[in-house]
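Reviewing the structure listed below.
Laboratory data are not the source of any read-out in this text; all were calculated from the coordinates shown. Every value quoted in this text rests on a predicted model; they were computed, and no experiment measured them. FYI the Cβ positions are ideal-geometry reconstructions off the backbone, even for glycines, and counts take in every protein chain you see.
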Amino acid sequence: MKIIRTVRGLRLWRKRHSSERLGLGFVPTMGAFHIGHQSLMQRARRSCETVVVSIFVNPLQFGPTEDLGEYPRPRQTDLALCRKEGVDVVFLPSRKEFYPPDFQSSVTVSRLGQHWEGAHRRTHFQGVTTVVTKLFNLVRPHRVYFGQKDYQQFCIIKQMVRDLHQGVDMVMCPTIRESDGLALSSRNGYLSSLARRTAPVLYHALHLGASSIRDGEKSSASVEALMQSYVQKASKAKIDYLAVCHAETLEPLQRAQGRMVLLGAVRLGKVRLIDNVLVKNQK
Ligand code: AMP
């Protein structure tokens, strides 16, 4: 496995490397790997000739009061996992290498980035689309692998790829969960033991909302009220949003119909959890 730390090194490697037959698969990450990340690497490994993983804690996607400094960076165990999963190249740039002092460009996806996470984390998605564009330009992948866990992020990047003719295939991989339903996240380690016990309420509430839609509930307001009262009864979590949305535009829906995504974010102490469930109802 090759570890590349410079932009120049990655460019040189890519110039010499062609994976035309089965393609080059790319998994962008911030490291602190868990089984969710591992599942993306495995999916890429199964279908691509070459697999590139990037590990970069991207300062642009953290707000001023967020955890950029504390974000876990267990580099040796991360690299060991990449090796175990048969990754070909890990791109591991320093902050200075990736954002030289005169860096001043950004990429914005306007409408999709305003809702939900975008409303609570103002500069987050612009940071994500900017870093992902830079990575796409360097790696020039054929296929990229993202988790459903960050559903809005997936939709925004898909829109960006389409709008800017970035020419990569987007693959969405299922959310990997703990046995009690909590979606794996590099930030779950911040949860106190009490918060950890109540953290699955978010997934259970979304699941309950999806079941009520499948059982014929048509009013999004009723579904949302059901999810909210579940969270409030089962925990002390503060709800940022629990919403029934169109699965592609992410606009809130009044009538629960067609392809939908139930999106949720709650705060447990200082930890913010997000999750989502897809649901379809054609009746
Ligand atoms: P991150 O390192 O948090 O930026 O995440 C890198 C990639 O892993 C993103 O595409 C995430 O959506 C994905 N990911 C994070 N958590 C999970 C999970 N529990 N299941 C599946 N994919 C995940």
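Taking every alpha-carbon pair under 8 Å whose residues sit at least 6 apart, the chain reaches a relative contact order of 17 percent. Relative to the longest principal axis of the Cα atoms of the chain, the long axis of helix 124-139 makes an angle of roughly 30 degrees.
Summing +1 for each Lys or Arg and -1 for each Asp or Glu among the other residues whose beta-carbon sits under 11 angstrom from that of F56 gives +3. About the centre of its Cα atoms, segment 186-280 shows a dipole size close to 420 debye [charges on the beta carbon of Lys, Arg (+1) and Asp, Glu (-1) only; nearest 20 debye]. A cut-off under 15 angstrom between Cβ atoms defines the neighbours of Q38, and their net charge, with Lys, Arg +1 and Asp, Glu -1, is +4. Normalised by 2.2 N^0.38 Å, where N is the number of residues, the C-alpha radius of gyration of segment 186-280 stands at 1.06. The packing ranking, built from the mean of other Cβ atoms within 10 Å per residue, places the peptides 107-117, 178-188 in the order 107-117, 178-188, highest first. Positive-end ranking of Y230, Q254, V51 along the dipole of the chain, with charges on Cβ about the Cα centre, is headed by V51.
Computed about its Cα centre, the charge dipole of the chain is approximately 560 debye, with only Lys, Arg, Asp and Glu carrying charge at their Cβ. Taking a ≥ b ≥ c as the square roots of the eigenvalues of the Cα gyration tensor, segment 2-173 is rounded, since a/c falls below 1.5.
Peptide packing for 251-257, 41-47 was compared via the average number of neighbouring C-beta atoms within 10 Å per residue; ordered from the highest value, the list is 41-47, 251-257. The calculated 222 nm mean residue ellipticity attributable to helices in the chain amounts to -11000 deg cm²/dmol, summing -39500 (n - 2.57) over DSSP H runs of n ≥ 4 and dividing by all residues.
By how many degrees, between 0 and 90 and to the nearest 10, does the Cα long axis of helix 7-16 differ from the longest principal axis of the chain? Orientation of helix 7-16: about 80 degrees from the principal axis.
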